[in-house]
Each structure stands twice: as structure tokens, then as C-alpha cells.
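Single-structure report; data block below.
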Amino acid sequence: MVLQSLKNCLGLSCILRTPKACFRSTASGGLIIQSVSNDVYQNLAVEDWIHDHMDLEKQQILFLWRNSPAVVIGRHQNPWQECNLRLLRQKNIKLARRRSGGGTVYHDLGNINLTFFTTRKKYQRMENLKLVVKALKALRPQLDVHVTDRYDILLDRQYKISGTAAKLGRTSAYHHCTLLCNADKFVLSSVLKSPYKGLKSNATPSVPALVKNLFEEDPSLTSEMLLDAIAKEYAAQHQIDHHITLINPADETLLPGISNKTKELQTWEWVYGKTPKFSISTCLNMAYQDSVLDIKVNMDVKNGKIEVCHIDLPEQWLPPGLYSELVKSLTGSKFCPNETTTLVTTLLRVCPQDNELHSRWSLLCENMIMLM
Amino acid sequence: VCIHRVRSCSNIRFIKSKYVCVFDKSALKFSHQQRLFRTSAVSCGQIVQFKLSDIGEGITEVTVKEWYIKEGDSVSQFDSICEVQSDKASVTITSRYDGVIRKLHYSIDEIALVGKPLVDIEIDASKGVSPEEDVVETPPMSHEEHTHQEIKGHKTLATPAVRRLAMENNIKLSEIVGTGKDNRVLKEDILNYLAKQTGAILPPSPKAEIVPPLRKTEAVPAAPKDKARKIPVPVSRPIVFSGKDKTEPVTGFQKAMVKTMSAALKIPHFGYCDEIDLTQLVQLREELKPLAEIRGVKLSFMPFFIKAASLGLLQYPILNASLDESCQNVTYKASHNIGVAMDTEQGLIVPNVKNVQVCSVFDIAVELNRLQSLGSAGQLGTSDLTGGTFTLSNIGTIGGTYAKPVILPPEVAIGALGKIQVLPRYNGKGEVFKAQIMNVSWSADHRVIDGATMARFSNLWKSYLENPASMLLDLK
């Protein structure tokens, strides 16, 4: 029994109310779809699904999506290096790792995402971005927007309003980019500033840039208008009807296997575990009783787990047995505040019940957890 | 291009390594399929240098970011080999051949050049793949090998690797519904088909284990049966069990459990159980729930259980004590920091409500709400998780009646609460009525606590809950 998957549905125009014209087998065939979900994991899963399952030979696809507040890091990046994880947790902002390369971006509903799906042969980032610029200029001719050779779109020659990333597979490829319409710049700048010091890694670093919302340039612009303008330009260039098909990323019948993809994108192993190996070399400044202690800490983290951990404590500050228990516990554990908190509080149960000892232990552990 | 011509063997070891790309959809659904054939230790087959093909946009070099395979692994055509990055583009390089990886030319973070060898693959010489396949050219799709099986006049598209898998399992390709492009049969379609045949339960995620297929009645007695029972005939098809033991290191939460429970083992436990009639408390809670909701707080039964426990501890402080390592001194803790066992995704955690002795039932409810939301978000702090002096575990929310809880050191007592059941009981007049019954199971450290103390504490706690108005008399 073959499930009515998206690729089959699109052939049956009655199901999605997609005009037959979309399925013309000309080289310029295209399809425009928009997600009804604002969940970053669901939307990233749709990209994966289309990349894995759809035949892009006869028609290319433009996917439009927006997310509720989330930080999205590139495939080979280090979240500790890129953003303020503590702040993200506090503000309940999601963290996602996408499969394409590139740098870190902040998404909220004031930021739109465009994904251009083509066959690997037809992979063409510059053309896509030029399409976006053309659409913007058609909407507001006075806008000073242009594409740089780093595949950014700049407003007024200085402000970045769009960043780009791409993913190439065996037979298909996609290029996605953001477009800043009316995002919260205050939250953006605070979450994208990492407080973690002493990190050394070969992870792809982000290049910080001055940003501006299109809304600031022209308050009459809305995300919907921009989405529509881009869809219109895409439709014109691909000689198809200017029709946007809505899809629900939670629809397993339409997109069989999508919920597994969505789940995988949310696992700790993917989001944090895929961080390239890195090391931390930093100093904890702990105020204890009447003095301030400078404790050197060195850790190696691989696949998100602590491989090596060394804390330079003053002699006898903690009973040596307890110190080695701490190091032994941390080694092999996730570099994660929740897991570390559980481990260190448990260790406290099995050590001598001494108030002085407990307060030193808590102080040290709380400082260690702050690194995560 | 360097080709080694060695004596070729007819069989190839077909083991799907666990290092094969996580994103490969067949690997996603199944841990692996293991087929071991006799192999010789000597390598057989020609070694082909698989070159890094054109990325597009005039790119000449990329950075190798992750290997999905290692030397010695078997790969099939289209399996992912590595992930490379170039200028904001992440590229998945897939294998063009079936074979065994013999050499990786780059390590992580090294720059790889387009057109230069990426990996050496030893392929089956009998396949006779020509080295020209390696040359830098247009993407692999145009060079895909399609093998068509004509059965009943229906052409089934499948790659050689998939065809071999079907052959090994005596499957006709025409019987399988292909979910690949142009209805091509993919590896996962075959594995799906196999799983359905054998009744194996497909794991929902790569981590789950495959449950062995349920067998129907096996040992059918030869003696004639009195009842004409229809015994299902065992299936004669060979049942493929593709599960495998999986060993992983104990880390994180599990490590914590191991530590705590090993220490708890040293405590001589004794148990004491009883049943509590919560009929009046259930009614009281129903009345108070809306009041709490107005104040923005969810009121469960736990705040009552916790407060009643604290009132009991005032009378029997030995239950709120701690015995030191050498068993020389008992410390009577002044604060009643009552721990509440919580079940999270990662495992068991026990945050505690501080100073219950000076908290009202409402205060406790507020604090419980806070701990519960932090707990489910994985954001409990160290102070929430330390300093506990007595613990209650409401296992009844999941189920069960009586339990045998384990004391959490350095405490000396713990209570496990079963589920509330509606059961028939006799009242004072000898009439049967519907009672809301909950069972409690206490465990205590027999080195410092005796049975009588535990029983009296339990009776006091029980009386507070069976007659909630009596709590008012002793509330401070």
C-alpha cells in the first residue's frame, strides 16, 4: 500500500488544489509552498523531507516559512560559542541545529525564511538572491538592496538583512536564506552574544554583522507582503501560477516519515552532540568567605560530552577523594547543566555531612555549571 | 589511479556498520542487518580511489567536517561517507560503490581538494567497475546504475545493492512497493517488508531495540485434547531476528542512580505499610481546588501529604534525622526539607520543599508547582536538589498499591504512596460505603528507628489525612 505522500499528491491536483500547471514537465516547472507551522523543528524537518524524497528534476520548489523565537546554528557550529545558552533557557527560546552550513541566526515571526530546492546540477545561490532583490525592488523601487559576493543581502550598503546557507546532497540541493522584516533586534543581539570564555574550537565561527529590519526602512512593509512579492517573482521566473500551497509539517500522511525527522532534530545528540570537538580553558572567580579564589579549569568536550576535566583547586580545599569522585563523575557526562546538577547533588548524598564541606562543594559546582 | 588486482572472492561480507551516516534513512529505522558469510582474511577485489566530485560554483576546495565511516567499514552505493563544508554550504558526499573503505585521505578539519582522492574503496572485482567513474564530472545521478527486474512484465527499479539484499532474503522485488524516486525499491522498503513478515516491532528511533518476534504456541502436546482447541500452526517461514545486544557506558543520570543506590544498600531497611481512607480529604480538596486556581496554583494531594508528614515529624523527630558515616552520631535536623520524587525524561530526581514546618498547605502547593515546572524543563538548581531530610514518593500517579521504597542517604526514612482506589469498606454502623483508599509503604533505617516509632508516626500521619479537620488543631 503506497501512502499518499506529498510527491504523489502533487500529481493529483484535486488534493492540494494545486493547479495542473505546476506539474508541467518543462525545465522551468516550479512549486511554491508555505508552512502553516511556526515550529522551527517541524519546518527544518520539512526541508529534510523534501531534500530526501522529492524529485526536483521536473519542478523546483520554493518553501516559505517563519518560526517563533529560536536560535538556529549551522551544521558544524558550536552553540556555546555562538549564543547565550543561559539566556535562551531562561527565555524559553528554542535552539536548533540545521543541516546546512553557515552561521548562526535568530528567528522570530518578524524574520522570513526562504528555501530554494533544486537538483544538484541546478544549484545556484546567486540567481536565487538576485530573484529576492528583484522582488524587493518591484515592491519598493526606492529600496537600496544588493547582493554581496558573500551571499548576503545588504540594505543601504551597510546593513545585513539576509544571510545564506546551503546543503548539497547526492542528487538534490537547497539554498536557504533569511530576510529581516520586523524581528526583535534587542533580543537578537542579546541572545547571539556568547558569555562563555576560553573556548577553543575549529567549529565554523559566525561573522557578526550590523543588521536592520526592512520595516525600519519602510514601516508600510509587512512579512506577508514580502512573502507574497517573492512568491510572485518566483512564479514569474518559473512560468507558473502565482499560487502558494499551504502545507502542515505535522501531516504524516502527506509527508510520511516527517515526525521522525522532527524528533531527531530535537534530540540532545543532534543539537549539542554534533558540536565539533572543543576545549575550555578558563578561570573561575569564586568568592569564598573573605577571599576570592582563582580556580583554573580545563576541559575537553567531544560529541557534547566531557572527555577530560581538570580543576586546579587549592590543596585540601576539598577532600582528595571527593575531588576525584567529582572528576570521575563529570568525565563521560554530557556538557549540560541539568545532567551536571543531578550528578553533583547526588554525589553530595554520599559524602560526609559537613556544612563547611557542603558550602564549598555547592560553590564549586555552581560555578562549574555556569560554564555550560 | 592505482588498481590492485588480487584474487577475487565471490562473497562479500555484508555488514552495515553503525558508523554509516545517521541521516541515511535506512540506518535511521533499523540498527543494522547482519549477514555473515565466510570471508578470507586476505583482501580481494580492486581498490578504487574515489575522488571528490565537483561541488559547483567553481569551488576547488572544501573542509572535511565529519566522517560517517572509518577504515575497514563496509559501504553500499549511495551510503553517506562524509560531510564537507565550503563557504556556508554543507555537502554530503555519498559513495559511488559497494565495497570496503580502505583509506581515508583526510582527517577532520583538513582541506580536501576537488578532483583529488577522498577515500580508497575496495570493490568486488567481479562487478568490473571501470576507473573512469572516478573522474570529476556532473553529479552522480546521471551515472546511476539501474537494474531492472522484469517480472510479470513489470519493471522494478532498484540499485545493485538493493537487488542483492532482496535476493539474500528470497524476496521478489515485484512484491515490494518502492518508495524511492519513480517508485524505485529502496533498501528500507525491503527491510520494512521483512519486518512485517516476521512480526518484529519496528523501533521508533535509532536507539530503540528490536523486540524479538512473538512466537505462537510451540510445544504442541502429542496427547489428544479434551477441548477441541484450535492451536495455531507455527509459521514455517524462516524468522529473521535482526536485533543485537547493545552495550553503552553508564553515564549521567544512571551514574547518579548507581551511586545513590549503592550507598542506600548499606542501610538496613525495614518496611511498614498501611491503608489510608482519604474520602474526607478528597472532598476537602475538591472544595479548595477552585480557590487555589483563583490564586493561580494547581492543588494536588501532595501538599496535604507533605504537611501532614511535617506535623508527624514534629512528634517523631528521629525520622527527620541523619546518621553519620561511622554510626557514632545522630543529627536531628531542625528543618523539614521534604523531598518529592519526580519522574523526568532523563530519570528520577528528588527536589525538596524547604522548611515545611513553617509553610502552609498553600505555600507548599506553590513551591511544588515551581519545582515541577523547573523539573520538566530540566532547570532545577543545586539548592533545590540538596538538603533534603525526608522523602515522599507518589508512585501512585503512575500506578501500584504497595511498594518497597529505598531510603535516599543521608536520610533515614521514606514513604511511597500508591494510587487512590475506590473500594468498599464498612463504616461505624456496619454499612458498606464507597471509600477512597490509598496505600502507604514506609521504609526506615533500622539502625536508629524501631518499628514502634514508625508505626506511631504512620498512625499520626494517617489520622491527620483521614480527618483533615484535626490538622487545624496542630497547625503552627
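The values are calculated or read from the model by the stated rules, or taken from the named source; none is laboratory data. Here the structure is a predicted model, which is why all the values come from computation and not from measurement. Positions of Cβ are generated from backbone atoms using ideal geometry, with glycine treated the same way; all protein chains shown enter the neighbour counts. Please note that ligands, DNA and RNA were not included when accessible areas were found on the heavy atoms of the full protein model with its side chains. Shrake-Rupley method; radii C 1.70, N 1.55, O 1.52, S 1.80 Å.
Out of the residues in the range A:60-81 that are more than 18 Å from A:L180 (Cβ to Cβ) and open to solvent by 10 Å² or more (accessible area, probe 1.4 Å), which is farthest from the chain's Cα centre (by Cα)?
So, considering only residues that are more than 18 Å from A:L180 (Cβ to Cβ) and open to solvent by 10 Å² or more (accessible area, probe 1.4 Å), the one farthest from the chain's Cα centre (by Cα) is A:Q60.
Please state which one of B:A444, B:A452, B:A416, B:A403 is outside any strand (DSSP E or B) and under 28 Å from B:M257 (Cα atoms).
Just a single option satisfies the conditions, and that option is B:A403.
How do the strands (runs of 3 or more DSSP E) wholly within the range A:157-238 filter down when requiring 1 or more residues that are crowded, with 20+ Cβ neighbours inside 10 Å and touching a strand residue (DSSP E or B) at 6+ places or on another chain (Cβ under 9 Å): which remain?
A:159-162, A:164-168, A:172-180
Yes/no per residue for (1) touching a residue at least 12 places away in the same chain (Cβ under 8 Å); (2) in the same structural domain as A:L131 (by the TED database); (3) in a loop (DSSP other than H, G, I, E, B); (4) not aromatic (F, W, Y):
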position	(1), (2), (3), (4)
A:S37	yes, yes, yes, yes
A:H51	yes, yes, no, yes
A:K58	yes, yes, yes, yes
A:F63	yes, yes, no, no
A:L87	yes, yes, no, yes
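Let me spell it out: the conditions are (1) under 21 Å from the mean Cα position of the chain (by Cα); (2) surrounded by fewer than 16 Cβ atoms within 10 Å (Cβ to Cβ); (3) within 14 Å of another protein chain (Cβ to nearest Cβ), and A:E307 meets all of them except one. Which number is the exception?
(1)
For the range B:53-66, what are the residues that are under 34 Å from the mean Cα position of the chain (by Cα) and either surrounded by fewer than 21 Cβ atoms within 10 Å (Cβ to Cβ) or not hydrophobic (A, V, I, L, M, F, W, C) (or both)?
Those that are under 34 Å from the mean Cα position of the chain (by Cα) and either surrounded by fewer than 21 Cβ atoms within 10 Å (Cβ to Cβ) or not hydrophobic (A, V, I, L, M, F, W, C) (or both): B:K65, B:E66.
In the range A:312-329, is there at least one residue being in contact with a Leu (Cβ under 9 Å, 6 or more places away or on another chain), more than 10 Å from every other protein chain (Cβ to nearest Cβ), hydroxyl-bearing (S, T, Y) and in a helix (DSSP H, G or I)?
Here is the first cut: in the range A:312-329, the residues in contact with a Leu (Cβ under 9 Å, 6 or more places away or on another chain) are A:313-314, A:317-319, A:322-323, A:325-326, A:329.
Still in the list and also more than 10 Å from every other protein chain (Cβ to nearest Cβ): A:313-314, A:317-319, A:322-323, A:326.
Now drop any that are not hydroxyl-bearing (S, T, Y), which leaves A:323.
Now drop any that are not in a helix (DSSP H, G or I), which leaves A:323.
Within the range A:312-329, one or more residues are in contact with a Leu (Cβ under 9 Å, 6 or more places away or on another chain), more than 10 Å from every other protein chain (Cβ to nearest Cβ), hydroxyl-bearing (S, T, Y) and in a helix (DSSP H, G or I).
Is at least one residue of the range B:374-385 touching a residue at least 24 places away in the same chain (Cβ under 8 Å) and in a strand (DSSP E or B)?
Quick first cut of the range B:374-385, residues touching a residue at least 24 places away in the same chain (Cβ under 8 Å) only: B:375-376, B:378, B:380, B:384-385.
Okay, now just the ones that are also in a strand (DSSP E or B), so none.
No: zero hits.
Report, by residue number, each residue of the range B:319-333 that is within 20 Å of B:T386 (Cα to Cα), open to solvent by less than 70 Å² (accessible area, probe 1.4 Å) and either in contact with a Lys or Arg (Cβ under 7 Å, 6 or more places away or on another chain) or touching a residue at least 24 places away in the same chain (Cβ under 8 Å) (or both).
Answer for the range B:319-333, where residues must be within 20 Å of B:T386 (Cα to Cα), open to solvent by less than 70 Å² (accessible area, probe 1.4 Å) and either in contact with a Lys or Arg (Cβ under 7 Å, 6 or more places away or on another chain) or touching a residue at least 24 places away in the same chain (Cβ under 8 Å) (or both): B:L319, B:N320, B:A321, B:S322, B:L323, B:V330.
Restricting attention to the range A:264-283, which residues are within 15 Å of the chain's Cα centre (by Cα) and among the hydrophobic types (A, V, I, L, M, F, W, C)?
A:L265, A:W268, A:W270, A:V271
Across the range B:67-93, which residue is farthest from the other protein chains (Cβ to nearest Cβ) among those that are of a type in the set (G, A, S) and either in contact with a Ser or Thr (Cβ under 6 Å, 6 or more places away or on another chain) or open to solvent by 20 Å² or more (accessible area, probe 1.4 Å) (or both)?
Of the residues in the range B:67-93, the ones of a type in the set (G, A, S) are B:72, B:74, B:76, B:80, B:86, B:89-90.
This time we only want the ones that are either in contact with a Ser or Thr (Cβ under 6 Å, 6 or more places away or on another chain) or open to solvent by 20 Å² or more (accessible area, probe 1.4 Å) (or both), so: B:72, B:74, B:80, B:90.
Values: B:G72: 21, B:S74: 19, B:S80: 9, B:S90: 4 Å.
For the range B:67-93, the residue satisfying everything is B:G72.
Does A:W49 fit the bill of being aromatic (F, W, Y), open to solvent by less than 10 Å² (accessible area, probe 1.4 Å) and either under 26 Å from A:N182 (Cβ atoms) or within 14 Å of another protein chain (Cβ to nearest Cβ) (or both)?
yes
Considering the range A:112-156 alone, what residues qualify as being assigned to a loop (DSSP other than H, G, I, E, B), open to solvent by 50 Å² or more (accessible area, probe 1.4 Å) and within 14 Å of chain B (Cβ to nearest Cβ)?
A:K121, A:K122, A:Q124, A:D149, A:R150
Please give the number of the condition B:V412 fails out of (1) open to solvent by 10 Å² or more (accessible area, probe 1.4 Å); (2) in contact with a Ser or Thr (Cβ under 9 Å, 6 or more places away or on another chain).
Every listed condition holds for B:V412 apart from (1).
Pairs, please: C-beta under 6 Å, at least 6 apart or cross-chain, first residue touching a residue at least 40 places away in the same chain (Cβ under 8 Å) and in the range A:142-166, second of a type in the set (V, I, T) and open to solvent by less than 30 Å² (accessible area, probe 1.4 Å)?
Going by the 6 Å Cβ cut-off, the qualifying pairs are A:L155/A:V145; A:L155/A:I161; A:I161/A:I153; A:G163/A:T178.
Going by what's in this entry, would A:P256 be described as assigned to a loop (DSSP other than H, G, I, E, B) and under 25 Å from A:L179 (Cα atoms)?
Judged against the criteria, A:P256 is not a match.
Take the residues in the range A:90-111 that are in contact with an Asp or Glu (Cβ under 9 Å, 6 or more places away or on another chain) and in a strand (DSSP E or B), then tell me which one is nearest to the other protein chains (Cβ to nearest Cβ).
A:K94
In the range B:278-306, which residues are buried (at least 16 other Cβ atoms within 10 Å of the Cβ) and either within 35 Å of the chain's Cα centre (by Cα) or not assigned by the TED database to the domain that holds B:Q436 (or both)?
Within the range B:278-306, B:V297, B:L299, B:S300, B:F301, B:M302, B:P303, B:F304, B:F305, B:I306 meet the criteria.
Can you work out which of the residues in the range B:445-466 that are small (G, A, S) and under 19 Å from B:K307 (Cα atoms) is farthest from the chain's Cα centre (by Cα)?
The qualifying residue farthest from the chain's Cα centre (by Cα) is B:S463.
Check off (1) touching a Ser or Thr at 6+ places or on another chain (Cβ under 7 Å); (2) within 13 Å of chain A (Cβ to nearest Cβ); (3) among the hydrophobic types (A, V, I, L, M, F, W, C); (4) part of a strand (DSSP E or B) for B:V100 and give me the number that stays unchecked.
Looking at each condition in turn, B:V100 falls short on (2).
Could you please tell me which pairs satisfy a Cβ distance under 6 Å, a separation of 6+ or placement on different chains, a first residue in the range B:262-278 that is in contact (Cβ under 8 Å) with a residue 60 or more places away in the chain and within 14 Å of another protein chain (Cβ to nearest Cβ), and a second residue that is β-branched (V, I, T) and assigned to a loop (DSSP other than H, G, I, E, B)?
B:A263/A:V350; B:A264/B:V406; B:A264/B:I407; B:I267/B:I407
Of all the residues that make up the range A:330-372, how many are more than 7 Å from chain B (Cβ to nearest Cβ), under 23 Å from A:N78 (Cβ atoms) and not aliphatic (A, V, I, L, M)?
6
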